Amino acid sequence: MTPNRRDFIKFVVAGSVAAGCPIDLSLLAAQTPDPKSPMVEGENNHICHQVRDRQIFDRPPVSARRDVVIVGGGVSGLAAAYRLRDLNFLLLEKEPHWGGNAFLMEYQGTPYATGSAFLGKSERAYDFAREIGLEPLPINDSDSTIVKGEWIPDTWRSGLDKLPYRAAVRERFKKFRKELLSIDFEKRGKELSRVPFSDLIKGYPDEIKQWWDTYGPSNWGATSDETNAALAIEDFQELAGENGNDYYTWPGGLGAITKKLSEILQQQSPSHMRLNTTIVAVVPERDEVRVTYMEEAELKTVGAKGVIMATPKFITRRLVEGLPTKQSEAMHQIRYIPYAVVNLIFDKPVFNKGYDTWCPGNKFSDFVVADWVVRNQPGYKQKYNILTCYTPLRREERALLLTESSAQQIAAEVLRDFQKLFPGSNVDPIEVHLYRRGHPLYMSTPGLFTEVQPLVRQPMDRIFFANTDSEGPESTTSGGIEAAERAVKEVQRRLAG
C-alpha cells in the first residue's frame, strides 16, 4: 500500500490503553501537565503513576450504602450484577460503555468484534447465553491457515497434506499432531502445567514453532516458550482431534453477551449502574467496605456489606487496601500483554472462505469473518465484508498504543500485511477501525493456573475476587462468568452470616 493510497482510507482509533488506571481528576486539575506526557483519551498518565505509587487521595465520608458494590463492568462484573439483581447492588465501570474485553461495535448496522470471538458448547458461557435469551449460532468450520499465499482449510486435519512445505516438513507436522493427540492429559496435566510448551516442540521444524508462536499470543497471550504446556496440549487435542470443533458465536463475537446483559440490567436497575466512574480506593472497615470513586469530577464514597472486584489483578492490588502480602505478590506475578484488534471494512466481498484463518509471519495473528454465522440465513445479504484482525503485541510494544498516530501505524501495518496475504487481498477497505487495550489478556505461563490463580481469588472477608484472571487456564469469557458466579456465591454466604 503506497502512502497515497493510505491517504484515502479512513482510520478510526478507539479503546483506552489505561482502561483500568485509577485517576483522581481533582489532582489532575491541580497539576501542570507535562507536554511530553502521552495522552490517552484525555487521561494524563502522570496521575496514573501516582496511584501506582500508592499516593493517598482524599476520601469523603460515606454518602450511600448498598448490599454489594461490583467494581468493573466487563463480562464478569455484568454477570455478577445479573446474579445479584434482586439485591441493592451498585455496578461501577470506568469506561463509557459496558463489556470490557467482550465489547460489540457496529459499522452502518453491521456488528463486529473488538475482542472475544467465540465459545465452545461445553463452556459455561454457552448455557449462560441461552439463559439470558441468546441462542448461540454454530460456526460449522475448522481453523484454516494462509501460508505462502495459499489458503489451507482444516489445517491440523485434512489440511496437513496441503501445506506448501517440503514433503519432509509435512510429515513432521503429522508426527507432531500424532504425538500430541496421544498424550493422556488426565494423567499428565499437572506435570505439564509446570513446563513450557516449547519443550514439546524441540526437534521439530521451525514452521511448527512459528505457527504456535502465532496461535498462542492470540489465545492466551504467550509464545510457546512461555506457554503452560498443559494448556496448549488440551487446546490442541480439541483443535486437531477427530471429533471436530463445536464452536458458536454471534455477529460481533461474544460482545453479544455483554450487550444483552447490559440491556437487561439497564432495563431492570438503571439507577444501580454507573459508567465513567473511576475507582480511587477500596477500604475494608469493621462492618463494611468503603469504595471511593470519581464521578463527574466529584469524589464519592459508598459503603457496602460486600464488594466484588471484577477487575484485572494488576489493578485490584493497587485499589484494595490491606491485601495479605502473599495474595498481593501472587497478583503481581500475573503478566498481561497489550492487544489491538483491527477491523478492515470492505464494501465488496474480499474473503468469505472460512471463519477463523491463521496467518503466521504477519503483523496480525489471525482474522475472522464478522458475519460468518448469519451469512447463509434466508434473506441475508452481506453489505460490508468486515474482517476482524487480531493483533497481539509484545509487552514492550504497549507504548505504541498510547498515541493515535502510533496506533494508526499498527493498523496500517496490519493492512499492509493483509494486502500481501493471498491473491485478491490487495484491496483497499473503506475504513480501518483499531480497538486498543493495554492489558486485556493475561499470559498463561507455567504454574499460573495451578499455583497462582488459586491464591489470587481467595476471599478477603467482605471482598471477593472475580474477573477472567481469577480462573483459568486461559483468559476467556466463560472464565469471567465462572469467576462471577463463584464470587456471587461467596458474597451471598457472607451476607447470610
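Considering region 99-109, and only residues there that are open to solvent by 20 Å² or more (accessible area, probe 1.4 Å) and not aliphatic (A, V, I, L, M), the residue that is nearest to G306 (Cα to Cα) turns out to be G100. Taking every residue in region 429-447 that is over 30 Å from S198 (Cα atoms) and pairing it with any residue that is in a strand (DSSP E or B) and of a type in the set (G, A, S), at least 6 positions away or on another chain, the pairs with Cβ-Cβ distances below 8 Å are H433/A14; L434/A14; L434/A340; Y435/A14; Y435/A340.
Scanning region 428-462 for residues that are more than 30 Å from V307 (Cβ to Cβ), open to solvent by less than 30 Å² (accessible area, probe 1.4 Å) and either of a type in the set (G, A, S) or not in a strand (DSSP E or B) (or both) returns a single hit, P429. Among the residues of region 123-155, what is the count of those that are aromatic (F, W, Y), in contact with a strand residue (DSSP E or B) (Cβ under 9 Å, 6 or more places away or on another chain) and either surrounded by fewer than 16 Cβ atoms within 10 Å (Cβ to Cβ) or in a helix (DSSP H, G or I) (or both)? So the count comes out to 1.
Screening A168 against (1) at pLDDT 95 or above; (2) within 16 Å of S444 (Cβ to Cβ); (3) of a type in the set (A, V, I, L, M, F, W, C); (4) surrounded by fewer than 21 Cβ atoms within 10 Å (Cβ to Cβ) leaves a single unmet condition, (2). Of all positions in region 62-84, at least one carries a residue that is open to solvent by 30 Å² or more (accessible area, probe 1.4 Å), under 24 Å from V282 (Cβ atoms) and not in a strand (DSSP E or B). In region 157-170, the condition of being assigned to a loop (DSSP other than H, G, I, E, B), of a type in the set (S, T, Y) and farther than 29 Å from S478 by Cα is met by at least one residue. When G159 is tested against (1) over 23 Å from D225 (Cα atoms); (2) open to solvent by 10 Å² or more (accessible area, probe 1.4 Å), exactly one condition is not met: (2). Look at E191 and say whether it is part of a helix (DSSP H, G or I), open to solvent by 70 Å² or more (accessible area, probe 1.4 Å) and farther than 21 Å from T214 by Cα. The answer is yes for E191.
Scanning region 389-408 for residues that are in a loop (DSSP other than H, G, I, E, B) and either at pLDDT 95 or above or surrounded by fewer than 16 Cβ atoms within 10 Å (Cβ to Cβ) (or both) yields L393, R394, T403. Out of T316, T277, T292, T325, one residue alone is in contact with a Pro (Cβ under 9 Å, 6 or more places away or on another chain) and not aliphatic (A, V, I, L, M). It is T292. Checking each residue of region 362-372 against the condition of being assigned to a helix (DSSP H, G or I) and either hydrophobic (A, V, I, L, M, F, W, C) or surrounded by fewer than 18 Cβ atoms within 10 Å (Cβ to Cβ) (or both) gives at least one match.
May I ask you to say which residue of S122, S116, S142 is of a type outside the set (F, W, Y) and within 24 Å of Y435 (Cα to Cα)? After ruling out the rest, the residue left standing is S116.
Being surrounded by fewer than 13 Cβ atoms within 10 Å (Cβ to Cβ) and at pLDDT 95 or above is a property that holds for D206. Is it fair to say A411 is at pLDDT below 95 and not in a loop (DSSP other than H, G, I, E, B)? So A411 does not fit the description; no. Can you confirm whether region 247-258 contains a residue that is open to solvent by 40 Å² or more (accessible area, probe 1.4 Å) and not acidic (D, E)? Checking region 247-258: not a single residue is open to solvent by 40 Å² or more (accessible area, probe 1.4 Å) and not acidic (D, E).
Taken as a whole, the condition of being in contact with a helix residue (DSSP H, G or I) (Cβ under 9 Å, 6 or more places away or on another chain) and without any contact (Cβ under 8 Å) to a residue 24 or more places away in the chain does not apply to S271.
Scanning region 304-340 for residues that are touching a Gly at 6+ places or on another chain (Cβ under 8 Å) and of a type in the set (V, I, T) yields a total of 4.
So, in region 294-314, of the ones that are of a type outside the set (D, E, K, R) and buried (at least 23 other Cβ atoms within 10 Å of the Cβ), which residue ends up nearest to A64 (Cα to Cα)? Among them, the one singled out is A304.
The residues on offer are G115, G133, and the sole one that is touching a helix residue (DSSP H, G or I) at 6+ places or on another chain (Cβ under 8 Å), modelled with pLDDT under 95 and more than 19 Å from R375 (Cβ to Cβ) is G115.
Every listed requirement among (1) within 23 Å of D213 (Cα to Cα); (2) of a type in the set (A, V, I, L, M); (3) assigned to a helix (DSSP H, G or I) is met by A117 save one, (3). Against the test of being modelled with pLDDT of 95 or more and open to solvent by 10 Å² or more (accessible area, probe 1.4 Å), the options R290, R286 yield a single qualifying residue, R290.
The values are calculated or read from the model by the stated rules, or taken from the named source; none is laboratory data. Since the model is a prediction, treat every value here as computed from it, not as a measurement. A quick note on method: Cβ atoms are made from the backbone with ideal geometry, for glycine too, and the neighbour counts reach across all protein chains shown. Just the protein is used for accessible areas: all its heavy atoms, side chains included, with ligands, DNA and RNA removed. Shrake-Rupley method; radii C 1.70, N 1.55, O 1.52, S 1.80 Å.
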